[in-house]
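The values are calculated or read from the model by the stated rules, or taken from the named source; none is laboratory data. The model shown is predicted, which means the values in this text are computed figures rather than measured ones. No Cβ is skipped: glycine too gets one built from the backbone with ideal geometry, and neighbour counts run over all protein chains shown.
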Amino acid sequence: MQASPARDAQHGEICRTLEESSPNSQPTQRAFAGGYAHAGSHAGDVGLLRIFGLVIARDLRLALRHWDQVMQPLIFFVIITTLFPLAISPALDELRRIAPGILWVAAMLSSLLALESLFRPDVEDGTMEQWVLSGQPLSVLLLAKTTSHWLVSGLPLVFMAPIVGTALGMPQSVWPVLAATLALGTGSLSMLGAVGAALTVSVRRGSVLLALLVLPLEMPVLIFGARAVDLAMHGEAVAGPLNLLAALLLFFISLGPFAMAAAMRISVES
Amino acid sequence: MNPTSTRLRDSTQQARPASRWLWFHKLGSPPHAYRLATRLRPWFLWTALVLMLAGTYGGLVLAPADYQQKDAFRIIYVHVPAAILSLQVYVAMAIAAAIGLIWRMKLAHAFAAACAPVGAWFTVLALATGSIYGKPMWGTWWEWDPRLTSELILLFLYLGYMALRSSFDDTQRADRASALLAIVGVANVPIVKYSVVWWNSLHQAPTISKIGTPSITLSMGWPLYVLVLAFGVYFAAIMCDRLRSEILRRERAASWLTDVS
């Protein structure tokens, strides 16, 4: 991974903050003593929030510097949706019927593609090792990383999908529901995907493996997301699947970070 | 690993159980587990054979043909036990993985590793028999029935677990990474199951998914229960073998192996 000056400067700032806010002057020892559990850190909410914000700010700035890379999953999303009219039929009537499914499958695959860059650069240049040793709860750090990852990979889909949907014959009245399902659903996809990415980050050529691990677990999100859009197109109530999507998102946000942290420790250690 | 295993073996030979949990701690010792598996294997295997013969005879000969499905229903005597076992094995694997991850018990990891291919084959068997069953019942080899679909997703979970395990060269890392995946997977199994049921109930007539659920009479039912038990015992027998070879592979450098062989 190329070491850009911005990356180093940001990393230095976070490292300083991590050490300052650590109540113990020997963060490394604490991390080792803690072993699996988070090293009993009570750094205070302010410290944690500050770190959370710093990590997000760093990742967003890094994304901004590599704008072309951030765009790639989005372009992939548009290309995949273009394949379906070519493969099936140019008739809008036919496409309209399957448009929710097309959009959702494309969103799932593009979020999968974006996962590759979630942890890998940080693990390769050693940043992640420092974070694991810092004595701060790794789950919070990884949650922050996943959040900023969603901001640059999931959120653009939310805005892009209605445009692509219109090209597939989707009525404008469905836009809000489509955007809402994607906003809730891509969050879940990012959380689940981050667990898989943390597990496979040390595996060479791990991207196919990542797809194998993550896609079966993501199927419920696909079911609820695509079905809600489908129901909306038929003018039926969508509160049920939307609520279920929101419930899934909350479930994954509350448990996902711990699984991510455990997976990252396995990947980085030894 | 060798010092602990020899120490544990010595303590077992001193007799006098020190605590109620000694049997559990002894299970963590590879030599003890190896010997236990060797001793239990014939019991499980013969019990499974007898139960299977009895169940198969009951199912294929004694049980009356269904008034509606004729003889085609008899495939449930393979299909249902395989389907039950496929899920049970996954849960057992996840429990073993959690034990291995929490208490750092190597043998639990070995058990989980040995479980996965067996569970995957049970899943394949359930899918294949379900598909054959579907041909006379539904007229198609494959129907997107909620049960078949969630069984298929379960197969994907097994395959992902085995793929992750095989992608690490280091056994310990493979153990811990795949254990975490098994735990995440088992937390997701109910979600997958209910989402698939919900998905299916929206756009398919409920008559199709009713197949298999109607209550079963005793004359048709007892071979089924016997066969479910037989499959369970057969799984235990297979696991004895697989666990032994897994222990042999992991402990190939250990000195106690010369005593065994």
Note on segment B:206-237: residues of a type outside the set (Val, Ile, Thr), at pLDDT below 80 and assigned to a helix (DSSP H, G or I) are B:PRO206, B:SER209, B:LEU218, B:SER219, B:MET220, B:GLY221
Consider A:ARG204 carefully, then state whether it is facing chain B (nearest Cβ under 9 Å) and not in a helix (DSSP H, G or I). yes
Among the residues of segment A:173-188, is any within 8 Å of another protein chain (Cβ to nearest Cβ), free of Cβ contacts under 8 Å to residues at least 40 places away in the same chain and under 30 Å from A:ARG265 (Cα atoms)? no
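Residues are listed down the side, and each one gets a yes or a no for (1) surrounded by 17 or more Cβ atoms within 10 Å (Cβ to Cβ); (2) modelled with pLDDT of 85 or more:
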residue: B:VAL196; (1), (2): yes, no
residue: B:GLN204; (1), (2): no, no
residue: B:MET239; (1), (2): yes, yes
residue: B:LEU248; (1), (2): no, yes
residue: B:THR258; (1), (2): no, no
Quick check: anything in segment A:154-165 under 20 Å from the mean Cα position of the chain (by Cα) and assigned to a loop (DSSP other than H, G, I, E, B)? yes
Exactly one condition in (1) surrounded by 22 or more Cβ atoms within 10 Å (Cβ to Cβ); (2) in contact (Cβ under 8 Å) with a residue 60 or more places away in the chain is not met by A:ALA211; state its number. (1)
Can you tell which of A:ALA263, A:ALA226 is facing another protein chain (nearest Cβ under 7 Å), part of a helix (DSSP H, G or I), in contact (Cβ under 8 Å) with a residue 60 or more places away in the chain and touching a helix residue (DSSP H, G or I) at 6+ places or on another chain (Cβ under 6 Å)? A:ALA263
Any pair with Cβ under 9 angstrom, 6 or more apart, that starts in segment B:25-44 at a residue that is among the aromatic types (Phe, Trp, Tyr) and ends at one that is modelled with pLDDT under 85 and in a helix (DSSP H, G or I): B:TYR34/B:TRP256; B:TYR34/B:LEU257; B:TYR34/B:VAL260
